[in-house]
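Below: one structure, written as structure tokens.
The values are calculated or read from the model by the stated rules, or taken from the named source; none is laboratory data. What you see is a predicted model; the values in this text were computed from it and never measured. So basically every Cβ, Gly included, is an ideal-geometry build from the backbone, and we count neighbours across all protein chains shown. Accessible surface is based on the protein model in full, side chains and every heavy atom, while ligands, DNA and RNA are left aside. Shrake-Rupley method; radii C 1.70, N 1.55, O 1.52, S 1.80 Å.
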Amino acid sequence: MKKKINICLILTVFVTLVATLFIAVAIFRNMYKKQVLSEMSTYAALINSLTVSVEELEEQYTEDVAGLRITLIDADGTVAYDSDVSGSLENHADREEVQEAEADGEGWTTRYSDSMNSELYYYAVKLDDGSILRISREEASIWGIFTNTLKGIFGVGVMMLLVCMLLSRYITAGIVNPIERMASNIDSAGTEGIYEELVPFVMTIRKQHEDILKSAKMRQEFTANVSHELKTPLTSISGYAELIETGIAGEEDVQRFAHEIYRSAQRLLTLINDIIRLSELDATEMRNQRLYQGEDASSGVRQSGSEGDDGQPALAGAAMDLYAAADSCVESVRLNAQRHGVQIQCSGQPCMIHGDRNMIDELICNLCDNAIRYNKPNGSVDVTVQESGGRVMLRVKDTGIGIPEESQSRVFERFYCVDKSRSKSTGGTGLGLAIVKHIVAQHNAQIELHSQVGVGTEITVWFDKYK
């Protein structure tokens with residue numbers, strides 16, 4: 001980058017110097033031409049005042065007069081006298097400067113002279129007797145003057161170029177150094193020494209860098225958790241199977257071991273299905289390019305009182321009745337609730353939302369399953385669907401064990417369990433609420449959590465009303 005900036009600055013200076021030189025030459029040439037014409041006009045007036053005949057011209061101007069060529073032309077165009085050419089010359093009546101002098105009293109031009117073999121300035125003035133007095137001077141004299149000063153101009157140009165090269169290195173370092181310092185300290189929180197125009201760019205890069213690190217850490221933790229969670233039931237299955245295979249287990253133990261193998265296999269299948277489902281939701285969320293609005297930095301949970309996004313959800317869904325979906329899910333888990341000694345009921349009113357029916361069913365069933373699994377004997381789960389404040393509310397409230405305040409911001413993380421022993425004993429995988437969070441995000445909804453240890457947990461999901 002420094003090299004490119006240096007080259008650009010040096011080229012700019014070089015082009016500027018060359019352009020300035022040509023412009024200066026053009027201006028100098030124009031000024032010189034005006035000066036030459038003024039001098040020739042003065043000489044012509046002086047010669048006219050001192051000379052009255054060809055004989056006098058021949059006598060008085062036998063020597064070169066300030067490098068001038070003097071020509072006297074009769075009214076018919078015949079050359080009566082020329083100070084630089086001896087012998088006869090062709091008729092000059094058709095010369096531009098002569099014609100202008102005939103018409104306007106004076107005229108001038110620049111033209112190549114065949115007789116002199118050079119470019120000349122011509123100035124002609126009409127005399128009182130009708131003849132034309134013409135003064136001419138070689139144009140090459142300007143280049144002679146310019147050649148004499150060319151060495152000085154070239155020397156000044158080289159010095160200027162060297163100075164500009166040094167300045168360009170200094171300026172380039174001043175431009176690039178803050179950027180290099182920023183690149184080497186991209187993780188630092190401050191913005192001191194950074195160009196004001198680059199601050200938004202720097203903040204974006206830092207945010208992306210933080211996201212990448214956070215994502216890498218989450219993937220590492222997810223991999224470790226998956227390995228651990230898969231290893232546990234596989235170890236149980238392998239251990240019980242080995243006891244049966246070696247004959248160590250008695251006949252009365254085989255049935256119990258088979259039950260444990262079956263239970264571990266079911267947990268393994270449930271865990272694998274949840275992982276696959278979570279991966280599908282991750283892929284869908286990435287395709288939709290939809291970020292969860294109001295996401296907590298550590299958990300991805302919108303806390304109570306956060307404002308929602310009024311935009312329409314960007315998923316391939318349709319109008320659906322959220323109450324009907326909730327009532328159906330409640331009926332599907334009622335038998336499981338009875339096995340846990342928990343009463344579950346659904347109340348509310350029909351409310352239309354825009355959503356994916358399979359995802360919504362999965363969301364409600366996961367919330368109900370958690371409310372049942374972490375409840376108390378003779379506890380209850382209330383599922384409510386109703387309109388509130390122009391939006392549609394889904395609330396799942398239980399009378400369970402509750403969630404400690406320090407864990408409430410983490411329950412939506414993958415594999416996070418408040419009570420790991422209870423989760424495993426009841427068949428939980430620690431992925432249910434993580435799946436819920438993704439479904440909520442893809443429906444552009446918001447989720448709130450309120451919980452008190454020993455009292456119960458209330459989770460509310462807010463959807464946009466279908467219009």
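Overview of values
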item: Label point distance in nm, Tyr32-Asn378, each placed 7 Å from Cα along Cα→Cβ; result: 11.8
item: Inter-label distance for Val158 and Arg391, nm, one decimal - labels placed 7 Å from Cα along Cα-to-Cβ; result: 7.7
item: Pairwise FRET efficiency - Gln452 versus Glu251, Cβ, R0 = 51 Å, nearest 0.05; result: 0.55
item: Segment 128-138 - phi-based ³J(HN,Hα) in whole Hz, Karplus 6.51/-1.76/1.60, Gly and Pro as x; result: 5, 7, x, 7, 10, 9, 10, 10, 9, 8, 5
item: Table column - 3J(HN,Hα) (Hz), segment 379-388, Karplus curve with 6.51, -1.76, 1.60, x for Gly and Pro; result: x, 9, 10, 10, 10, 10, 10, 6, 7, 7
item: Solvent-accessible surface ranking, highest first, for Arg410, Arg219 at 1.4 angstrom; result: Arg219, Arg410
item: Accessible surface ranking that places the most exposed of Thr110, Thr204, Thr172 first, with a 1.4 angstrom probe; result: Thr204, Thr110, Thr172
item: Segment Ala19-Tyr170, extension gain: residue separation times 0.36 nm, minus the distance between their alpha carbons; result: 51.9 nm
item: Full-extension gain in nm, Asn117 to Met218, via 0.36 nm per residue minus C-alpha separation; result: 27.4 nm
item: Ranking by accessible area, most exposed first, for Arg339, Arg357, Arg29 with a 1.4 Å probe; result: Arg339, Arg357, Arg29
item: Per-pair calculated FRET efficiency, R0 = 45 Å: Ile272 and Arg206 via Cβ, rounded to 0.05; result: 0.75
item: FRET efficiency estimate (nearest 0.05) - Cβ-Cβ, Thr235 to Asn336, R0 25 angstrom; result: 0.40
